1. Taking segment 133-147 as the region of interest, how many residues are buried (at least 16 other Cβ atoms within 10 Å of the Cβ) and over 21 Å from Asn108 (Cα atoms)?
Amino acid sequence: MVSKCEAVLTLDILKERLDYNKDTGKFTWRYQENRGRKGSDVGFKERGYLIISLHINQRSYKYKAHRLAWFFVYGEHPEHSLDHINHDRMDNSISNLRLVTAGENCRNQKLKSSNKSGQTGVYLDKARGKWVAKITYNGKGVFGGRYLVKEEAIEKAKALYKQYGFHQNHGGK
């Protein structure tokens, strides 16, 4: 669904004000705007994403750079979520972006900092002294078993992720 901010921005306005390098994912000013000089990088970091602020019709609008990159290259605002394939929200190269549903986006998450096993879907059941392989798919747990050896639990979790269509980068750093 296109946001109100996106509805205001036309492709002509975007390309008139910004240049985009699809290989590096960088946006630069085409001319002097506010504090930005022609040719200088555009945007600021907010919650891990690159945000670009544009003045249109005497109002300021904030856009996520990855959504602008998609619009710049394909000429239409993305209808769904965009996934940063390599988990780096600042890498807005077009080859790192893919159009996904919210569910598909959840199947390509980076390893959480609180993870102690080093693999998503694997944890130690301290009461039993065994490693557990358990993934979540569509909000439901899929149990893969308990193992004495952590590597066996990791193999099972990876197999479950593959079986349920998770992206190959899911659980990566």
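1. Start the filter on segment 133-147 by keeping residues that are buried (at least 16 other Cβ atoms within 10 Å of the Cβ), which leaves 133-135, 137, 142, 144, 146-147.
Narrowing the set further to residues that are over 21 Å from Asn108 (Cα atoms) leaves 146-147.
Number satisfying all stated conditions: 2.
Conditions tested, residue by residue: (1) over 16 Å from Thr28 (Cα atoms); (2) surrounded by fewer than 16 Cβ atoms within 10 Å (Cβ to Cβ); (3) of a type outside the set (S, T, N, Q).
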| site | (1), (2), (3) |
| --- | --- |
| Arg47 | yes, yes, yes |
| Ile52 | no, no, yes |
| Trp70 | no, no, yes |
| Tyr74 | yes, yes, yes |
| His87 | yes, no, yes |
| Asn115 | yes, yes, no |
| Gly118 | yes, yes, yes |
| Gly129 | yes, yes, yes |
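Only the coordinates and a few stated rules stand behind these numbers; no lab work does. These numbers come from a predicted model, not from an experiment. When we count neighbours, we look across all protein chains shown, and the Cβ atoms used for this are built from the backbone with ideal geometry, even at glycine.
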